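Beneath this line is the structure, given in structure tokens, with notes to follow.
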Amino acid sequence: MELPFAESYKIKTVEHIHRSTREERLRWIKEARYNLFNLRSNHVFVDLLTDSGTGAMSDKQWAAMMLGDESYAGASSYYKMKKAIRDITGFEYFLPTHQGRAAENVLFSTMIKAGDIIPGNSHFDTTKGHIEFRKAHAIDCTIDEAFHTELDHPFKGNVDLGKLEKVLKKYPKDRIPLIMVTITCNSSGGQPVSIENMKAVKKMAGQYGIPVFFDSARFAENAYFTKMREKAYKDKPIREIVHEMFAQADGMTMSSKKDAIVNMGGFIGFRSRELFEKASMFTIMFEGFINYGGMSGRDMNALAQGLYEGTEFDYLETRISQVAHLGRQLRDYGIPIQYPYGGHAIFIDAKRFLPNLPKEQFVAQTLGVELYIEGGVRGVEIGTLLADRDPDTRKNRYPALELLRLAIPRRVYTNNHMDYVAASVINVFDRRKEITKGLKILKEAPILRHFTVELERLE
């Protein structure tokens, strides 16, 4: 018989998780003001809030941590990280940061001013937050197919070249400091960007003299999808694909808490020495010296090792197969999800799941609360709460997609856990007609409100 698929790792350490009762969860979510971020981790059974910094490090990564050089300047750990970044990405210049949004903060402090326009493919929350904090504007140029969750398209993260060119023609060059392309595109459901599209964006950007930067948190997963779905790359190894991807960019930001499989860390990659030197000042101001940028030597060693492990085909196949395992169960039952399955998460189409709930009642957040009450499963809203208010009108922005993201940590849960998650979602789906009231806001921050918002259930 044909041998079945099996994970390319074995488990060495385990951590106990508490199995709570429905009554406990009803009390805890109320105490958390219906904000899933406010829940204590020991009140969650399967935690799919994020895949950022929640993965399990390997024995080699833990061993590397023991050899961390904690020197302030010139640490050997810095040079290990530098070599790994050059080997994997090809970028000669880099600045370490403590995580991805810190990389955005340094880069955007260097490049963006008030009134600027930053086009891209569905900027994620912190990216848009950093842009709008600087009184600049993020413009979404994602292909329309991304917003039709039932449609099968291999590269729903692609930039719509027509939309992009309209932006480049409409605004003067000095108001467009960069184009930001997210690989894979989180906001559209963890969907990949094809290399063909990357090349086309780079060519168009070059015609207008505008640099292209990649948000590269999940670059390795993007490379895997390229190998699987883009014919020209099916016989190429992952690292070769990665090099060709990054050849289409002038720079990158990286949250290493994803595809480098570490609990903390990030960096910025540059082609331009001049831009690197300019950004160095902001790294020193915000993060620490340019040789560590808010990271310990231990973290840098683990990150360097993680970049190599995260670009191994066997690892990527195992990781993305687990996401698909959950996705297939939900889709087979008729649960509306973003299709094809993403690289790091399954995204439930909350508007189609709860069609009778008004958009003003935060549909995806309501679904997230119900899923937690049902099975102790914690996801995160990618919808109206995350979209924030319009910075000028202060009215709620209602995005085309209202999604509940179930982000799967790397090398943490078994497929039995995914089966449990699927059953919890199905149980909520079976009683969806009973969910007739959503949530209202009691208190919110002026920007990135979803992290700290306080809500209450409508009666």
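Here are the numbers for the structure shown:
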item: Top-ranked residue of the range 266-282 - restricted to ones that are in contact with a Ser or Thr (Cβ under 6 Å, 6 or more places away or on another chain) and part of a helix (DSSP H, G or I), ranked as surrounded by the most Cβ atoms within 10 Å (Cβ to Cβ); result: 279
item: Test set (1) touching a residue at least 24 places away in the same chain (Cβ under 8 Å); (2) farther than 27 Å from residue 418 by Cα - residue 313 fails condition number; result: (2)
item: Yes/no for residue 110 being under 20 Å from residue 258 (Cβ atoms) and in a helix (DSSP H, G or I); result: no
item: Considering residues of the range 332-359 that are charged (D, E, K, R) and touching a helix residue (DSSP H, G or I) at 6+ places or on another chain (Cβ under 8 Å) only, the residue surrounded by the most Cβ atoms within 10 Å (Cβ to Cβ); result: 351
item: Positions within the range 38-75 being in contact with a helix residue (DSSP H, G or I) (Cβ under 6 Å, 6 or more places away or on another chain), part of a helix (DSSP H, G or I) and surrounded by fewer than 15 Cβ atoms within 10 Å (Cβ to Cβ), in sequence order; result: 60
item: Wholly enclosed strands (runs of 3 or more DSSP E) of the range 367-451 bearing at least 2 residues within 26 Å of residue 42 (Cα to Cα) and of a type in the set (Val, Ile, Thr); result: 380-382
item: Among (1) touching a His at 6+ places or on another chain (Cβ under 9 Å); (2) farther than 17 Å from residue 265 by Cβ; (3) among the acidic types (Asp, Glu), the one test that residue 92 misses; result: (1)
item: Number of the exception - residue 149 against (1) hydroxyl-bearing (Ser, Thr, Tyr); (2) under 23 Å from the mean Cα position of the chain (by Cα); (3) buried (at least 22 other Cβ atoms within 10 Å of the Cβ); result: (3)
item: Test: residue in the range 158-171 that is closer than 23 Å to residue 345 by Cβ, in contact (Cβ under 8 Å) with a residue 40 or more places away in the chain and part of a loop (DSSP other than H, G, I, E, B); result: no
item: Residue selected from the range 285-325 under the condition among the aromatic types (Phe, Trp, Tyr) and buried (at least 20 other Cβ atoms within 10 Å of the Cβ), by the criterion farthest from residue 73 (Cα to Cα); result: 315
item: Failed criterion for residue 428 (all others in (1) farther than 22 Å from residue 27 by Cβ; (2) crowded, with 20+ Cβ neighbours inside 10 Å; (3) of a type outside the set (Gly, Ala, Ser) hold); result: (1)
item: Residues being in contact (Cβ under 8 Å) with a residue 12 or more places away in the chain and more than 22 Å from residue 343 (Cα to Cα) - total across the range 407-432; result: 4
item: Of all residues making up the range 152-205, the number that are farther than 21 Å from residue 131 by Cβ and aromatic (Phe, Trp, Tyr); result: 1
item: One residue from 201, 181 being under 23 Å from the mean Cα position of the chain (by Cα), touching a residue at least 12 places away in the same chain (Cβ under 8 Å) and in a strand (DSSP E or B); result: 181
item: In the range 153-172, the residues that are within 21 Å of the chain's Cα centre (by Cα) and either surrounded by fewer than 22 Cβ atoms within 10 Å (Cβ to Cβ) or not assigned by TED's automatic domain parsing to the domain that holds residue 189 (or both); result: 153, 154, 160
item: Qualifying residue in the range 183-191 (condition: surrounded by fewer than 19 Cβ atoms within 10 Å (Cβ to Cβ) and out of contact with any strand residue (DSSP E or B) (no Cβ under 6 Å at 6 or more places or on another chain)); result: no
item: Qualifying residue in the range 327-337 (condition: outside any helix (DSSP H, G or I), touching a residue at least 24 places away in the same chain (Cβ under 8 Å) and of a type in the set (Val, Ile, Thr)); result: yes
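The values are calculated or read from the model by the stated rules, or taken from the named source; none is laboratory data. No experiment lies behind these values; they were computed from the predicted model shown. Neighbour counts are summed over all protein chains in view; Cβ atoms, including those assigned to glycine, are modelled from backbone coordinates with ideal geometry.
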